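Undergrad: Please read through the structure below; I'll follow up with questions.
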Amino acid sequence: MPTLSVGATAPRAEDGARGALILVAASLATLGIAGALAFYLLGLTGAILALAQVGAILLGAALVASSTITIRRHQRRRAALAAVAAALGWEYRADIGDHVWGGSIDEQIDRGSRTARDHLDGRRSEIPFDSVERTFVVGDREGATVHTVRAVRIPLPSEAPRITLRSRRGGGALSVLPRRPTGRSRFRLEGDFSDVFDVSVPTGYETDALYVLTPDLMVILLDASADLDLEIVDSTLHVYFPAVDLTDDAELHRFLTVIAALHGRFGRRTLLYRDEAAAPLDPEAYRRDGDALAARARRVDTRVRWWPVLAAVATPLVPMLIAVVWLLLAG
């Protein structure tokens, strides 16, 4: 597993102090002029005008300073993350735009409601994977919620049926999406595993799921990733972490440990898997991606989660309801 050398430090972000000072000075000057004019038009004069103007300038200065600090902190974090990637032999890209990532987020969230940044490409490393921080919006208008996760893709040696593992601790990427697997797709496994993970598989592929999710693999999942959501999509294992800070040594170590454990175990379990329901191929024919599974093995039946929809509809009505109750009590 790759590690950072002791004492390694991230390169400093590009110095933008001069530009920040110019921005602050220009903002204060604008606030001073605009504040003086506005307070004068309001009829304030003398000491009251001076105090009001000073208060406006101080408030504006605080807002500008807060924005500047946030931007600088973000630049330093990205520089540190790029340094971590360089030290571990990965490639780093700050923004990958609307690149299709795959998995349930892409399937359920419109392209305009999701973004991806801070891409770490370690597909050429000893333990191949790539990872990106994904932010997506669930719902519309007042009822919309914003979620950020660190998504990881681990390549598998062959295709396997779609298996969804949703942590029952809640709050993971697969728990907040608009759709969830139906009851007939859920599959209960032995021991305490189903008390930790909500497992869903395509109808008719319960035996295949047992071939992949062996007792030793379930122990690894319980020990290493009980708080994470996972899903197999074709020949890729998708793992969803919370928005972790990979510039922190402890979080980076846990991140790499989980990836290494899952890569080894899932790789061994899917290496020899074959879908007996898939159409047979000529032994001399070239096998392409997508030939190893039947169509029904690639999807898990889902249903819409109704309570977020109801919340989105009801939220705008809350102020009206409060007003009606107030009028009834007052009258």
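The values are calculated or read from the model by the stated rules, or taken from the named source; none is laboratory data. None of the values given here were measured: they were computed from a predicted structure. Note that each Cβ is placed from the backbone with ideal geometry, even for glycine, and that neighbours are counted across all protein chains shown. Calculation scope for accessible area: heavy atoms of the full protein, side chains included, ligands and nucleic acids excluded. Shrake-Rupley method; radii C 1.70, N 1.55, O 1.52, S 1.80 Å.
Undergrad: Sort out for me the Cα centre separation of region 124-139 from region 188-217, rounded to whole Å.
TA: 24 Å
Undergrad: Another question about this same structure. What's the FRET efficiency of Arg303 with Glu126 using the Cβ-Cβ distance as r and R₀ = 56 Å, to the nearest 0.05? Please report the intermediate quantities before stating the final value.
TA: Numbers: r = 41 Å, r/R0 = 0.73.
Calculated value: 0.85.
Undergrad: Where in region 149-190 are there trypsin sites (Lys or Arg not before Pro) that are in a DSSP coil and have at most 13 other Cβ atoms within 10 angstrom of their Cβ?
TA: Numbers: sites: Arg150, Arg153, Arg162, Arg166, Arg168, Arg169, Arg179, Arg184, Arg186, Arg188; in loops: Arg162, Arg168, Arg169, Arg188.
Qualifying residues, ordered by number: Arg168, Arg169, Arg188.
Undergrad: Amide H of Trp101: which non-local residues (sequence gap of 5 or more, or other chain) have their own amide H closer than 5 Å, using H built in the peptide plane?
TA: The answer is none.
Undergrad: Next question. Can you give the FRET efficiency for Ala79 and Ser194, using 1/(1 + (r/R0)^6), R0 = 30 Å, r = Cβ-Cβ distance, to the nearest 0.05? Please list the in-between numbers first.
TA: Working: r = 44 Å, r/R0 = 1.45.
Approximately 0.10, to the nearest 0.05.
Undergrad: I would also like to ask the following. What order do Leu222, Leu321 take when sorted by accessible area (1.4 Å probe), most exposed first?
TA: Numbers: Leu222 60, Leu321 110 Å².
Highest to lowest solvent-accessible surface, that is Leu321, Leu222.
Undergrad: Only residues of region 126-142 count here: report those whose backbone N is under 17 Å from the spot 7 Å along Cα→Cβ of Arg117, or say none.
TA: Those under the cut-off are 131-137.
Undergrad: If you count only protein heavy atoms and use a 1.4 Å probe, how large is the accessible surface of His263, to the nearest 10 Å²?
TA: Counting only protein heavy atoms, the figure is 50 Å².
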